[in-house]
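One structure is given here, and the rest of the page talks about it.
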Amino acid sequence: LRCRAAPLPRACHGLQGSMKTGSLSCIIPCNRLPVQLMSQVRVYTSNGQKKGLGSEDRNGSTPEETLHKVGTGQDASTAGQKPSFLKEPIQVKVKAVLKKREYGPKYTQNNFITGVRAINEFCLKSSDLDQLRKIKRRSPHDDTETFTVYLRSDVEAKSLEVWGSPEALARERKRRKEAEIKYRENLFRNQRLLREYKEFFGNTKPRSSAAAMFFKGPGKVVMVAICINGLNFFFKLLAWVYTGSASMFSEAIHSLADTCNQALLALGISQSARTPDPSHPYGFTNMRYIASLISGVGIFMMGAGLSWYHGIIGLLHPHPIESLLWAYCILAGSLVSEGATLLVAINEIRRSARAKGLSFYQYVVQSRDPSTNVILLEDAAAVLSVAVAATCMGLTSLTGNPYYDSVGSLGVGTLLGTVSAFLIYTNTEALLGRSIQPEQLQRLTELLESDPVVRAIHDVKATDMGMSKVRFKAEVDFDGRVVTRSYLEKQDIEQLLQEIQQVKTLEELEAFMLKHGENIIDTLGAEVDRLEKDLKQRNPDVRHVDLEIL
């Protein structure tokens with residue numbers, strides 16, 4: 001209530017006068033008459049209609065006369081008396097507020113659950129679900145548009161109807177849990193017996209996809225390297241036993257370390273081909289980086305460590321070297337074999353880098369294919385170490401000084417340590433989850449911002465998960481007007497207008513808003529799915545997209 005008072009010599013202390021028009025009652029706090037009220041009142045009811053107080057009341061007097069009589073105790077129409085209040089309106093607006101609904105700390109009455117959850121968690125049969133209400137919702141999976149869900153309240157009521165009481169349902173859950181544990185134990189035992197059966201009678205199962213990986217791409221490079229380095233280790237070991245050369249011993253240890261590390265890489269490749277499971281929802285692609293990281297540590301400890309140790313022992317306790325003819329022949333064969341493996345790795349990296357639109361150097365530094373990178377660096381180090389060992393052994397044979405041979409062993413160890421440090425660094429960076437290239441991130445950002453439903457995007461993160469898999473996350477500020485218009489374009493506007501015109505009460509308004517509000521939220525979810533699908537189609541490297549509504 002708003003009123004204006006003229007300047008008065010004393011304050012107002014509270015007499016109450018009441019005014020009643022229709023169903024609206026106003027209480028005017030006033031104890032005395034010094035407050036001068038206006039002569040015209042406009043009343044707004046809860047349905048938005050404006051009513052003037054110029055109409056006569058039940059006694060035949062106008063509302064403003066009634067108001068004046070209540071406020072002054074006199075009749076404003078008395079002859080010779082001037083009206084003592086100003087002609088200014090009072091506007092009273094009643095605000096209709098929907099009663100707030102208290103849901104409590106846990107509210108699941110409107111939750112949806114799938115049929116699989118209903119059967120597993122509430123111990124029901126598929127025939128029990130046929131009697132319940134079926135609701136079609138948007139599917140969270142890319143391969144299906146919609147799927148069927150059930151109201152959780154309906155499922156809970158049906159489970160109590162089937163089992164009789166919550167206690168009986170709890171007992172059945174416990175029994176099924178024990179049966180599941182026993183089934184898993186039997187399954188593990190049966191799998192072990194099946195493996196023993198295959199080992200005894202032979203496995204006639206077709207070659208799996210994991211085995212096929214070793215006949216192309218990085219798997220082929222790794223298998224070729226394992227075979228060549230295994231033969232090199234055997235012949236270098238024979239040459240060291242025959243000559244006693246420290247450099248030849250370092251070369252033998254180097255080949256052994258390469259063979260073991262490449263076997264570890266093969267294990268990582270086979271494990272990375274495993275399909276995702278509930279414990280690892282994003283798959284096992286990082287197994288290649290883990291295997292490469294362990295390989296780098298192994299090169300450092302086995303290759304560099306033993307080479308340094310043997311070189312230091314040779315410096316402290318030098319001894320003469322026998323005929324080096326066989327050692328030179330074995331080193332020459334090793335140079336040819338290691339060079340062939342190096343060429344295979346170089347060709348594979350060039351092909352992969354060309355497919356990704358990267359240079360050779362960028363592909364290696366970013367560790368796009370960790371398995372091939374390890375083969376490349378190991379074989380490059382092997383070729384250089386063969387050259388170093390041959391040079392130092394030649395100086396020893398020419399001068400008769402065994403210290404050159406020991407220095408060669410230290411040089412090979414230093415070269416292996418450098419390679420291992422580079423492998424440890426690049427694979428650690430990949431496992432930590434580094435960001436993608438700024439140019440690629442800018443393309444993804446521009447693709448989202450160019451869509452009409454997107455006002456802005458914030459907190460953008462794009463993580464390289466390894467092996468050409470990117471996870472993209474962003475906070476998206478959606479344009480509610482565009483989303484609502486998208487919903488309205490699919491509706492019958494004439495029918496919608498009729499529904500609006502039929503709304504007369506607060507209950508009807510609430511039902512109308514709840515119906516179309518839920519549909520607009522579904523439209524927003526469909527827009528999110530569309531954006532995620534567009535990102536994946538235009539950028540094949542993006543495998544996982546998380547768009548959060550801001």
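The values are calculated or read from the model by the stated rules, or taken from the named source; none is laboratory data. For clarity, every value in this text was computed on a predicted model and none was experimentally measured. Quick reminder, even Gly has a Cβ in these numbers, built from the backbone with ideal geometry, and neighbours come from all protein chains shown. What goes into the accessible areas is simple: the full protein's heavy atoms, side chains included, and nothing from ligands, DNA or RNA. Shrake-Rupley method; radii C 1.70, N 1.55, O 1.52, S 1.80 Å.
The set of residues from segment 250-278 being open to solvent by 10 Å² or more (accessible area, probe 1.4 Å) and within 17 Å of Gly333 (Cβ to Cβ) comprises Leu256, Thr259. It is to be established whether one or more residues within segment 102-112 are outside any loop (DSSP other than H, G, I, E, B), on the phi < 0 side of the Ramachandran plot and at pLDDT 55 or above. Checked segment 102-112: at least one residue is outside any loop (DSSP other than H, G, I, E, B), on the phi < 0 side of the Ramachandran plot and at pLDDT 55 or above. Cβ-Cβ contacts under 7 Å between residues 6 or more apart (or on different chains), taken from a first residue in segment 147-169 that is free of Cβ contacts under 8 Å to residues at least 40 places away in the same chain to a second residue that is among the hydroxyl-bearing types (Ser, Thr, Tyr), are listed as Phe147/Ser139; Val149/Thr114. Selection within segment 284-308: residues that are free of Cβ contacts under 8 Å to residues at least 40 places away in the same chain and not β-branched (Val, Ile, Thr). The member of this set that is least open to solvent (accessible area, probe 1.4 Å) is Phe284.
Of the helices (runs of 4 or more DSSP H) lying entirely inside segment 152-215, those containing at least 2 residues that are closer than 30 Å to Cys227 by Cα and at pLDDT below 70 span 166-201, 209-212.
Tell me which helices (runs of 4 or more DSSP H) are completely within segment 475-550 and hold 3 or more residues being in contact (Cβ under 8 Å) with a residue 60 or more places away in the chain, or say none if there are none.
Numbers: elements: 480-488, 493-501, 506-538.
Filter on segment 475-550 gives 506-538.
All conditions in (1) touching a Lys or Arg at 6+ places or on another chain (Cβ under 8 Å); (2) open to solvent by 60 Å² or more (accessible area, probe 1.4 Å) hold for Arg176, with the sole exception of (1). So, Thr418, is that one under 29 Å from Asn286 (Cα atoms), modelled with pLDDT of 85 or more and open to solvent by less than 40 Å² (accessible area, probe 1.4 Å) or not? So Thr418 does not fit the description; no.
Could you please let me know if Glu161 is more than 28 Å from Thr523 (Cβ to Cβ) and of a type in the set (Asp, Glu)?
Details: more than 28 Å from Thr523 (Cβ to Cβ): yes; of a type in the set (Asp, Glu): yes.
Yes: the conditions hold for Glu161.
The selection criterion, being open to solvent by 90 Å² or more (accessible area, probe 1.4 Å), among the acidic types (Asp, Glu) and modelled with pLDDT of 90 or more, does not hold for Glu507.
Pairs meeting the criteria (first residue in segment 125-137 and touching a residue at least 12 places away in the same chain (Cβ under 8 Å), second residue of a type in the set (Gly, Ala, Ser) and surrounded by 10 or more Cβ atoms within 10 Å (Cβ to Cβ), beta carbons under 7 Å, at least 6 apart or on different chains) are Leu129/Gly115; Leu129/Ala118. Candidates are the residues of segment 435-458 that are assigned to a loop (DSSP other than H, G, I, E, B) and surrounded by 13 or more Cβ atoms within 10 Å (Cβ to Cβ); the one that is nearest to the chain's Cα centre (by Cα) is Ile436.
Please go through segment 129-147 and give me each residue that is more than 20 Å from Asn110 (Cα to Cα) and either of a type in the set (Asp, Glu) or surrounded by 10 or more Cβ atoms within 10 Å (Cβ to Cβ) (or both), ordered by number.
First, the residues of segment 129-147 that are more than 20 Å from Asn110 (Cα to Cα): 141-145.
Within segment 129-147, Asp142, Asp143, Glu145 meet the criteria.
Looking across segment 223-246, just one residue is surrounded by 18 or more Cβ atoms within 10 Å (Cβ to Cβ) and not in a helix (DSSP H, G or I), and that is Ser245.
Yes or no: segment 285-295 includes at least one residue that is assigned to a loop (DSSP other than H, G, I, E, B) and under 21 Å from the mean Cα position of the chain (by Cα). Can you show your working first?
At the first step, the residues of segment 285-295 found to be assigned to a loop (DSSP other than H, G, I, E, B) are 285-286.
Okay, now just the ones that are also under 21 Å from the mean Cα position of the chain (by Cα), so 285-286.
Looking for residues that are assigned to a loop (DSSP other than H, G, I, E, B) and under 21 Å from the mean Cα position of the chain (by Cα), one finds at least one in segment 285-295, hence yes.
Restricted to segment 113-136, and to residues there that are assigned to a strand (DSSP E or B) and out of contact with any helix residue (DSSP H, G or I) (no Cβ under 8 Å at 6 or more places or on another chain), the residue that is farthest from Gly525 (Cα to Cα) is Thr114.
Looking at segment 374-388, is at least one residue buried (at least 20 other Cβ atoms within 10 Å of the Cβ), under 16 Å from His310 (Cα atoms) and of a type outside the set (Gly, Ala, Ser)? So that I can check it myself, show each step before the final result.
Restricting attention to segment 374-388, the residues satisfying the condition of being buried (at least 20 other Cβ atoms within 10 Å of the Cβ) are 374-379, 381-382, 385-386, 388.
Next cut, under 16 Å from His310 (Cα atoms) only: 385, 388.
Adding the requirement that they be of a type outside the set (Gly, Ala, Ser) leaves 388.
Yes, segment 374-388 contains a residue that is buried (at least 20 other Cβ atoms within 10 Å of the Cβ), under 16 Å from His310 (Cα atoms) and of a type outside the set (Gly, Ala, Ser).
For segment 339-347, the condition of being closer than 18 Å to Pro218 by Cα, within 31 Å of the chain's Cα centre (by Cα) and either open to solvent by less than 60 Å² (accessible area, probe 1.4 Å) or not assigned by the TED database to the domain that holds Tyr425 (or both) holds for none of the residues.
Could you look through segment 459-468, keep only residues that are at pLDDT below 90 and surrounded by 17 or more Cβ atoms within 10 Å (Cβ to Cβ), and pick out the one that is farthest from Ala430 (Cα to Cα)? Top of the filtered list is Met467.
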